[in-house]
Amino acid sequence: MSEVSGKPPVPLLEARNVKKYFGAITALDGVSFHLNAGEALGVVGDNGAGKSTLMKILSGLYKPSEGQLLFEGKPVKFDSPRDARSAGIEMVYQDFALAGNMPIYENIYLGREPGRKFAGFTLIDRDLSRQMATDHLDKLKIHVKSIDQLVENLSGGQRQAVAIARATAFDARVVIMDEPTAALAIKEVGKVLDLIRTLKEHGVAVIIISHRMDDIFYACDRVMALYQGTNFAESQLGDTNRNEVIGWIMGTKGHTDTLAHDKVH
Ligand SMILES: Nc1ncnc2c1ncn2[C@@H]1O[C@H](COP(=O)(O)OP(=O)(O)O)[C@@H](O)[C@H]1O
Ligand SMILES: [Mg+2]
């Protein structure tokens, strides 16, 4: 429809001139960016560039000091992660925030268990929980020995997968991951990246912060580089390359001579 009318599609999520101050520190200095439905956006930037702060604003943990968020073209204000979640925006936390001493299936629905409401309490339906967890993990092609396994007995990659399954258990539209592969053994990284691709197949838009160019170029459609609290550069991945993106992280643009030189030799 948008092609017929000639208008660009309305982004799923958009930030306009978002600023965030922590006392005298300017963490975000006017960031504008958008995320399209079903797209995987990689976010890169040096330590302190403002990546985590921006994600915390998108997921309702922080309020912007200035600027605006729009969801499906409409201005939104998130006062808490609960507000963002009800819009369909979920964050997968770096520390996973799972309960190690509980089984996989309970972690997926922790605090949001399916069941019947009774006099203000929810009577948790364990069979239903287990069945729903099994179906959900199957859908995401996450393989575990048993959904009754305790999370503390899982590998880092499996835990990350459970955290992602938890974030997507209730019709998430956007899933935000802050360094999802940073703590993983190399052989587990691929599985988490494949899981990101599976989320995309299910129409979920994903934002991934990563320092690893391999992650970005494997799992993402587009990349945005934050530099000192601003959107320094962004591109479809097919229109850029690792050297250029690394340059953006360092706050430099347009070193095409170097790239041409690299290609010759
Ligand atoms: N809760 C906070 N209180 C004070 N300063 C913060 C807080 N969170 C982040 N900052 C500062 O904001 C800037 C951006 O941080 P952050 O968003 O964590 O960057 P990144 O994730 O890109 O490394 C840094 O200077 C950081 O020290
Ligand atoms: Mg960070």
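Give me the Debye-computed log₁₀ of I(q)/I(0) at q = 0.10 Å⁻¹ for the chain, equal point scatterers on Cα only, no solvent, two decimals. Each listed q corresponds, in turn, to -0.55.
Find how much the distance from Asp221 to Ser155 grows on full extension, using 0.36 nm per residue of separation minus their present alpha carbon separation; answer in nm with one decimal.
Numbers: separation 66, 0.36 × 66 = 23.76 nm, distance 2.81 nm.
Length difference between fully extended and current span is 21.0 nm.
In the calculated pair distance distribution of the stretch 130-176, what percentage of Cα-Cα distances lie above 14 Å?
Working: 511 of 1081 pairs.
Of all Cα-Cα pairs in the stretch 130-176, 47 percent lie more than 14 Å apart.
Around the amide H of Ala37, modelled in the peptide plane, lie the amide H atoms of Leu12, all under 5 Å away and 5 or more residues distant in sequence or on another chain.
The HN-Hα couplings worked out from phi for the stretch 106-111 by the Karplus form 6.51 cos²θ - 1.76 cosθ + 1.60 (θ = phi - 60°) are 6, 5, 5, 10, 2, x Hz, whole numbers, x standing for Gly and Pro.
Go ahead and estimate [θ] at 222 nm for the chain from helices alone: -39,500 (n - 2.57) per DSSP H run with n ≥ 4, summed, over the residue count, rounded to 500. List each step's numbers first, then the result.
Values: 10 runs with 90 residues, N = 265.
When only DSSP H runs of four or more count, the value is -9500 deg cm²/dmol.
Each residue, Met250 and His211, gets one label point 7 Å from its Cα in the Cβ direction; the gap between the two is 1.6 nm.
Once the Cα atoms are used to define both axes, helix 156-167 deviates from the longest principal axis of the chain by about 80 degrees. Relative protection proxy for 176-186, 130-140, from highest mean packing down: 176-186, 130-140 (other beta-carbon atoms within 10 angstrom).
Between beta-carbons, use under 12 Å as the cut-off and find the net charge around Gly67, counting Lys and Arg +1, Asp and Glu -1.
On the way: positive: Arg16, Lys19, Lys20, Lys63, Lys77; negative: Glu14, Asp29, Glu66.
Neighbour charge sum, excluding Gly67 itself: +2.
For Gln131 and Leu61, compute 0.36 nm times the residue count separating them, minus their Cα-Cα distance, and round to one decimal in nm.
Numbers: separation 70, 0.36 × 70 = 25.20 nm, distance 3.13 nm.
Here the answer is 22.1 nm.
In the chain, a dipole from Cβ-located charges (positive for Lys and Arg, negative for Asp and Glu) runs towards its positive end, and of Gly30, Val245, Ala169 it is Ala169 whose Cα lies farthest in that direction.
Rg of the Cα atoms in the stretch 1-86, relative to 2.2 N^0.38 Å, amounts to 1.17. In this simple spin-label approximation, Gln68 and Asn241 carry label points 7 Å from Cα along the Cα→Cβ vector, and these lie 4.0 nm apart.
So if each residue of separation counts as 0.36 nm, and I subtract the Cα-Cα distance between Ser32 and Val10, what length gain in nm does that give?
Details: separation 22, 0.36 × 22 = 7.92 nm, distance 1.47 nm.
Net length gain for the segment: 6.5 nm.
In this simple spin-label approximation, Arg197 and Val76 carry label points 7 Å from Cα along the Cα→Cβ vector, and these lie 2.8 nm apart.
Values in this text are rule-based calculations from the coordinates and carry no lab data. In this text, all values refer to a predicted model and were calculated from it rather than measured experimentally. Cβ coordinates were reconstructed from backbone atoms using ideal geometry, including for glycine residues, and neighbour counts include every protein chain displayed.
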